[in-house]
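First the structure, which I've put down as structure tokens, then a few questions once you've had a look.
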Amino acid sequence: MVNEPVPTDDTWPWLSPDFASPEGIVGVGGDLTIATMLEAYRNVIFPWFNDGDPVIWWCPDPRAIIPMETLHIPRRLKSVLKSGRFRYTVNQAFAEVIRSCRDVRVDEGTWITTEVVEAYCELHRHGHAHSLEVWEGETLAGGLYGITIGGFFAGESMFYRVPEASKCALVWMVQHLLKRGFVLFDTQIINEHTERFGAIEISRDNYMCQLQAAMKLQDVRFA
């Protein structure tokens, strides 16, 4: 992993959880360089914006996480996981995974713009962003991607082309992270899908404490 520079004092101070709006917005503008992105995640902030808009930086309160040790796997999905129908890989098709996350939502609108795809692919090339791919035969059936820092994983988006593939991706990702020593799985905002697997909301202060502890685990590696 390459050590990336931290943004200078001239570019960073405008992003701070202390200045978050009630909706969780902490800043508008800036760039998606590796240095800016990593510093944002280190400060519990992430980018989320629509195509054509400036970069919008968020730090919602409460924050959603998946407690990995208590992951809930629905009974039907357990059967799918045991069936051998799917297999998974890690970091074998990162660009295809993120573009698929974008393409499956293109009709309803997506925050995964061309600029975002390029930024996360650059993070991946430098060892900071990772993917898990679910395959049915030789077909990419589903997957998800996210950012890692120390023992922290921020899940960004997932997709499926075959029913149940994204659910398998989530379970396999949690299992992979636990094996590698990760302690915090951030899902940013809770939704019906992640809540089904045991996602919960915690306060921003609680999340910040867990993040600080997770980032200290410098010996943890995703792959």
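PRE reach from Phe19 (point 7 Å along Cα→Cβ): which of region 56-71 fall under 18 Å by backbone N?
Answer for this model: 56-61.
With +1 assigned to the C-beta of every Lys and Arg and -1 to the C-beta of every Asp and Glu, and no other charges, what is the dipole magnitude of the chain about the Cα centre in debye, to the nearest 20?
My answer is approximately 1360 debye.
Then there's this: Stretched out fully, how many nm does the piece from Glu115 to His193 gain, at 0.36 nm a residue minus the Cα gap?
25.4 nm
With θ set to phi - 60° and the Karplus curve 6.51 cos²θ - 1.76 cosθ + 1.60, what are the ³J(HN,Hα) couplings of region 54-59 in order, to the nearest whole Hz, using x for Gly and Pro?
Values, residue by residue: x, 5, 10, 9, 10, 8 Hz.
Between Arg85 and Arg161, how many nm apart are label points set 7 Å from Cα along the C-beta direction?
With each label point 7 Å from Cα toward Cβ, the separation is 1.7 nm.
Ok, one more. Between Thr33 and Gln175, what is the spin-label point distance in nm, taking each point 7 Å from the Cα along the Cα→C-beta axis?
Placing both labels 7 Å beyond Cα along the Cβ direction yields 4.1 nm.
Check which residues have an amide H placed less than 5 Å from Glu156's amide H, if you skip close sequence neighbours.
Under 5 Å from the amide H of Glu156 lie the amide H atoms of Tyr145, Gly146, Ile147, each far enough along the sequence or on another chain.
Could you tell me whether region 17-61 comes out rounded, prolate or oblate from its Cα gyration tensor? Rule is a ≥ b ≥ c as square roots of the eigenvalues, rounded for a/c under 1.5, then prolate if a/b exceeds b/c, otherwise oblate.
oblate
For the pair Arg99 and Gln218, how long in nm is the line joining their label points, each one 7 Å along Cα→Cβ?
3.7
What is region 151-223 by shape, rounded, prolate or oblate, if you read a ≥ b ≥ c off the alpha carbon gyration tensor as root eigenvalues and call it rounded for a/c under 1.5, prolate for a/b larger than b/c, and oblate otherwise?
Oblate is the answer for region 151-223, as a/c is 1.5 or above yet b/c matches or exceeds a/b.
Among the lysines, select those whose C-alpha is under 18 Å from the C-alpha of Lys82, and discard any that sit fewer than 8 residues away in the same chain.
Here the lysines satisfying the reach criterion relative to Lys82 are Lys167.
Excluding residues on the same chain fewer than 8 positions from Lys216, give the lysines whose Cα lies under 28 Å from its Cα.
Counting by Cα, and skipping residues close in sequence, Lys216 has these lysines nearby: Lys179.
Further question on the same structure: List every residue whose amide H lies under 5 Å from the amide H of Ser16, counting only residues 5 or more places away in sequence or on a different chain, with H placed 1.01 Å from N in the peptide plane.
none
Take the alpha carbon atoms of the chain, find their radius of gyration, then divide it by 2.2 N^0.38 Å using N residues; give the quotient.
Expressed relative to 2.2 N^0.38 Å, the Cα Rg reads 0.98.
Throughout, read-outs are computed from the coordinates displayed, never taken from laboratory work. Remember, predicted model here, so these are calculated numbers, not experimental data. Counting neighbours? That spans all protein chains shown, and the Cβs are built from the backbone with ideal geometry, glycine included.
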